[in-house]
1. I need the full set of residues from segment 68-88 which are modelled with pLDDT of 90 or more and in contact with an Asp or Glu (Cβ under 6 Å, 6 or more places away or on another chain), in order please.
2. Among what's in segment 152-171 and is assigned to a strand (DSSP E or B) and on the phi < 0 side of the Ramachandran plot, pick the residue that is surrounded by the fewest Cβ atoms within 10 Å (Cβ to Cβ).
3. Taking segment 69-89, which residues are under 28 Å from the mean Cα position of the chain (by Cα) and buried (at least 16 other Cβ atoms within 10 Å of the Cβ)?
4. Please enumerate the residues belonging to segment 289-348 that are surrounded by 13 or more Cβ atoms within 10 Å (Cβ to Cβ), assigned to a strand (DSSP E or B) and among the β-branched types (Val, Ile, Thr).
5. Please verify whether segment 243-259 includes one or more residues that are closer than 29 Å to ALA309 by Cβ and either at pLDDT 80 or above or out of contact with any Gly (no Cβ under 7 Å at 6 or more places or on another chain) (or both).
6. Are any of the residues in segment 89-98 hydroxyl-bearing (Ser, Thr, Tyr), at pLDDT 85 or above and in contact with a helix residue (DSSP H, G or I) (Cβ under 6 Å, 6 or more places away or on another chain)?
7. Let me spell it out: the conditions are (1) in a helix (DSSP H, G or I); (2) within 30 Å of the chain's Cα centre (by Cα), and ARG262 meets all of them except one. Which number is the exception?
8. Please enumerate the residues belonging to segment 210-245 that are under 17 Å from ALA257 (Cα atoms) and of a type in the set (Asp, Glu).
Amino acid sequence: MTSANRPRENSTHDLKTQIARLEQRIAALEALQQVATTVTSELRLDRLLALILSSAVDVMKADAGSLLLHDPATDELVFEVVQGGSGKTLRHKRIRADQGLAGWVFTQRKPTIVHDAEADERHLTKFDENSRFHTSSLIAAPLVHKNTAIGVIEILNKKSGEHFSAYDQELLMAFASQSAVVIEEARLYQQVVAERDRILAVEDQVRRELARELHDGPSQILASMIMGLKFFRQLMLREPERMNQELGELERQANLALHQVRDMLFDLRPVALETQGLAAALQVYVERQGESRNLDFHLDTHSFSSRFAPKVEAAVFSIVQEAVGNAEKHAQAKNIWISLRPVEETVVITVQDDGRGFDLAQVEEAYAQRGNLGLLNMKERAEIANAKLAIESKPGKGTTVTLTLGLEPAQ
């Protein structure tokens, strides 16, 4: 072969290499576009993560890959999706956020290429041993959203047997950047759906409770009054001297029904809370509860008269209602003490009962089975009020609910 032909061959080889890289680049961009488009139609996080990893493995022309997301609660990385390699045995496994190659990429927020995984001390060989999968080379990139690392994507072993290149790293970083955005959007969507479902569940619970109270209260009284009116008509003809007595009973029943309806309206929208503040609303609440409940209420507001922001007062009042309702329904209490007192730069509200108490840890663990949203509602309302909530209870020792919030003027 003449030397004149060699430059032409080299030129042809370079052109083929450039074409191959362009084809890979186009494939990567198409995959990126597919992921970005899919988020508008597929917002289930599990399916989205599977699509992201599958697309990355295809683009990098690799044998396997994994996508890990950070769990802030435990500061761990979780293998959410795995393709090839360790497969199902690795899914949902957890490692420390600084463990292994993935941990290094996550904490450093930098991509890395490893040409010899076994020689790299950061590589967790136990996963390969458990699955009998041999990792020869890998490339990993952090998933970063708004300067916060949320996970890592790893791609293992090129099918061609070649090493991953700087060009591969550039592609994976672009892919990871786009993926982090759509992952956070899917997470946000899931949070919105979960919050919607929670609100619907609370609304359904409120409707059921209201329906039960209407059925057991005013509805029964009105039915009794209708029967009393029919009997009253008969008395007009047969025993007119008993009419006054029967009218008195009908009046008593009417007043009781009116009182129950007003109690329901007050619980749904306490006007005193809006116009006079928390202390006044608690005073009205205790008076109404004492008239219609077989409980002795003891209220001490320590002459507190300051106002809070409306949403704070509403949240605090709801917590008191929830605590009293729990004591009445579940604790078989005879006395309830409600206190509202300023302590230095805070205000402390306590609701204490002498009921039978309960195992707090056991109740919190059984939320799903019990379908009881009471304690959860109190915690969420405490967050709305930016307050600290503490619940103390033991079987046979009663329950004390304490709410502490900063003493700030109403907005």
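1. Answer for segment 68-88, where residues must be modelled with pLDDT of 90 or more and in contact with an Asp or Glu (Cβ under 6 Å, 6 or more places away or on another chain): LEU69, VAL78.
2. Let us first name the residues in segment 152-171 that are assigned to a strand (DSSP E or B), namely 152-158.
When the remaining residues are screened for being on the phi < 0 side of the Ramachandran plot, the result is 152-156, 158.
Details: VAL152: 29, ILE153: 28, GLU154: 27, ILE155: 28, LEU156: 27, LYS158: 19.
Only one residue tops the list, namely LYS158.
3. Let us first name the residues in segment 69-89 that are under 28 Å from the mean Cα position of the chain (by Cα), namely 69-82, 88.
Within segment 69-89, LEU69, HIS70, GLU76, LEU77, VAL78, PHE79, GLU80, VAL81, VAL82 meet the criteria.
4. Matches in segment 289-348: ILE336, ILE338, THR346, VAL347, VAL348.
5. The first filter runs over segment 243-259 and keeps only residues closer than 29 Å to ALA309 by Cβ, leaving none.
No, that holds for no residue.
6. Going residue by residue through segment 89-98, those that are hydroxyl-bearing (Ser, Thr, Tyr) are 89.
Then drop every residue that is not at pLDDT 85 or above, which leaves none.
The answer is no; no qualifying residue exists.
7. Among (1) in a helix (DSSP H, G or I); (2) within 30 Å of the chain's Cα centre (by Cα), the lone unmet condition for ARG262 is (2).
8. From segment 210-245, those under 17 Å from ALA257 (Cα atoms) are 210-229; that's our starting set.
Passing the criteria: GLU213, ASP216.
The values are calculated or read from the model by the stated rules, or taken from the named source; none is laboratory data. Predicted, not measured: the structure shown is a model, and the values here were computed from it. When we count neighbours, we look across all protein chains shown, and the Cβ atoms used for this are built from the backbone with ideal geometry, even at glycine.
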